[in-house]
1. Grab the other residues whose beta carbon is less than 13 angstrom from that of residue 171, score K and R as +1, D and E as -1, and report the net.
2. For region 133-194, evaluate the Debye formula with one uniform point scatterer on each Cα (no solvent term) and list log10 I(q)/I(0) at q = 0.27 Å⁻¹, rounded to two decimals.
3. Please tell me which of these pairs span more than 30 angstrom C-alpha to C-alpha: 60/187; 112/155; 122/194; 94/194?
4. Quick check: the distance between the Cα centres of region 104-153 and region 164-203, to the nearest angstrom?
5. Can you tell me how region 69-143 classifies by the Cα gyration tensor, rounded, prolate or oblate, using a/c under 1.5 as the rounded cut?
6. In the neighborhood of residue 83, defined by Cβ-to-Cβ distances under 12 Å, what is the net charge if each Lys or Arg adds +1 and each Asp or Glu adds -1?
7. Once you've got the GNM for the chain with C-alpha springs shorter than 10 Å, pick whichever of 72, 51, 126 has the biggest mean-square fluctuation.
8. Apply the a/c threshold of 1.5 to the C-alpha gyration tensor of the chain and tell me whether it is rounded, prolate or oblate.
Amino acid sequence: MEETRVPFVTETVDLQHKSEAFLAKYEEANPGGRAKVPIVEIDGLVLTESAVVVEYLAEKDGPGPFYLEDPARRAAARLMAEVHPFGDYFKFLKLRDDPEALAAAVADLTGKLEVFEAFLVKHGDAAGPFFNGEDLCFAEANLAPFLQRMVPTLKHYVDVDVRRLCEPFPRVDRLVSAVLARWTVRKTGVPEDKLIEGMDKMLARIAAQAPPP
């Protein structure tokens, strides 16, 4: 299936030292909120939060493979973006010096993958690989950033291979593989070395702010 490719324009932001311009732009979008990426300025609007940005762009483009035309399928795709188990990767980093607690967290993640497998079998396209078949939809666009961070972060810091954990769950495994291989996901992702570099800075800052034992 032929894909239409559009150029991506991105601006690099040092999230450890946000500029006044960045903070002001975020304040315009979400007054009083904790300034973070993404921020998108489009059609005279300033939007933040990935799910909000994705759905705005999807609705603007109109019903189709990305923004499912059938309301029931669209609701199921929204639910997938809410129930996927790849969001809370940071808790694993807090357990890296506690092998027993880390093992329990991995077991918990495995259980959630099993539940997610059941969800995809019930609601997803049987052939896949994406939720709605061969075409990526807005649910995967919301899921992708979590996978982009969780997979390399857990492998680097706690030697937990998320891709291997997915292997016993074929529908989850096909979805994860397809999302990470998608050219748009690779194009917009942060390179692994930069991701780890940023995470090192964040962990060092958290450690410096922690009270002495």
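The values are calculated or read from the model by the stated rules, or taken from the named source; none is laboratory data. Bear in mind the structure is a predicted one, so any value in this text is a computation, not a measurement. No Cβ is skipped: glycine too gets one built from the backbone with ideal geometry, and neighbour counts run over all protein chains shown. Protein only, heavy atoms only, side chains kept; ligands, DNA and RNA dropped before computing areas. Shrake-Rupley method; radii C 1.70, N 1.55, O 1.52, S 1.80 Å.
1. Here the charged neighbours net out to -3.
2. For region 133-194, the Cα-only Debye profile gives -1.28.
3. Flagged as over cut-off: 122/194.
4. 12
5. prolate
6. On the way: positive: 78, 112, 122; negative: 82, 117.
It works out to a net charge of +1.
7. It is 72.
8. oblate
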